[in-house]
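Q: Got a structure for you, written out below as structure tokens; questions coming shortly.
The values are calculated or read from the model by the stated rules, or taken from the named source; none is laboratory data. These numbers come from a predicted model, not from an experiment. Every residue, glycine as well, gets a Cβ built from its backbone with ideal geometry; the counts of neighbours run over all protein chains shown. Heads up: the accessible areas ignore ligands, DNA and RNA and are worked out on the full protein's heavy atoms, side chains in. Shrake-Rupley method; radii C 1.70, N 1.55, O 1.52, S 1.80 Å.
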Amino acid sequence: MAETIRIQYLDDDVKRLEYIDGKSDWIDLRAAQEVVMKKGEFCLIPLGVAMQLPRGYEAHIVPRSSTYKNYGIIQTNHMGIIDETYAGPDDWWYMPAYALRDTVIHKNDRICQFRIMEHQPRVTFEECKRLEAPNRGGIGSTGKS
């Protein structure tokens, strides 16, 4: 069963979101205005959308794999989380970006992507003296022969 997301667009020129079956379950987000950044600058890039997510879900926002190559920016919080309570008419989505080189991002350029995920279930922590699972060798051990 498909979940429904109510969406408000900033203006009629913002390209509408689309789900591309068979390609990815991530949905691209676009810049809602032209952004000019100089190396070392920070900017909240408007994405031109506000959404009302289904109850019990949150959106995970990350850069597209080509964003750094194409625009020379990185997302400063590495992954943005928007929960279903950020759903008012003024709760616009942004990508916090840091420029590693001079760049221009045009309106409707695809710069990041999102997917919705169910909230983490409630967990409890049980303290123990020693874990009993097999030891993998500590950090940095994966992939060594």
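Q: Considering only residues of the range 26-60 that are open to solvent by less than 20 Å² (accessible area, probe 1.4 Å), part of a strand (DSSP E or B) and in contact (Cβ under 8 Å) with a residue 60 or more places away in the chain, which is farthest from Arg6 (Cα to Cα)?
A: Met37
Q: Oh, and also: In this structure, is Gln8 at pLDDT 95 or above, within 21 Å of Tyr68 (Cβ to Cβ), open to solvent by 40 Å² or more (accessible area, probe 1.4 Å) and among the polar types (S, T, N, Q)?
A: Numbers: at pLDDT 95 or above: yes; within 21 Å of Tyr68 (Cβ to Cβ): no; open to solvent by 40 Å² or more (accessible area, probe 1.4 Å): yes; among the polar types (S, T, N, Q): yes.
Against the criterion (at pLDDT 95 or above, within 21 Å of Tyr68 (Cβ to Cβ), open to solvent by 40 Å² or more (accessible area, probe 1.4 Å) and among the polar types (S, T, N, Q)), Gln8 does not qualify.
Q: If I ask for residues that are basic (Lys, Arg), assigned to a loop (DSSP other than H, G, I, E, B) and surrounded by 10 or more Cβ atoms within 10 Å (Cβ to Cβ), which ones from the range 104-145 would you list?
A: Quick first cut of the range 104-145, residues basic (Lys, Arg) only: 107, 110, 115, 122, 129-130, 136, 144.
Going one step further and asking which of them are assigned to a loop (DSSP other than H, G, I, E, B), we end up with 107, 122, 129-130, 136, 144.
Listed by number, the list holds a single entry, Lys107.
Q: Taking the residues in the range 86-145 that are within 19 Å of the chain's Cα centre (by Cα) and basic (Lys, Arg) as candidates, determine which candidate is farthest from Arg64 (Cα to Cα).
A: Among those residues, the one meeting the criterion is Lys107.
Q: When residues of the range 61-103 are filtered for being within 13 Å of Ala50 (Cβ to Cβ), without any contact (Cβ under 8 Å) to a residue 60 or more places away in the chain and exposed (fewer than 13 other Cβ atoms within 10 Å of the Cβ), how many remain?
A: 3
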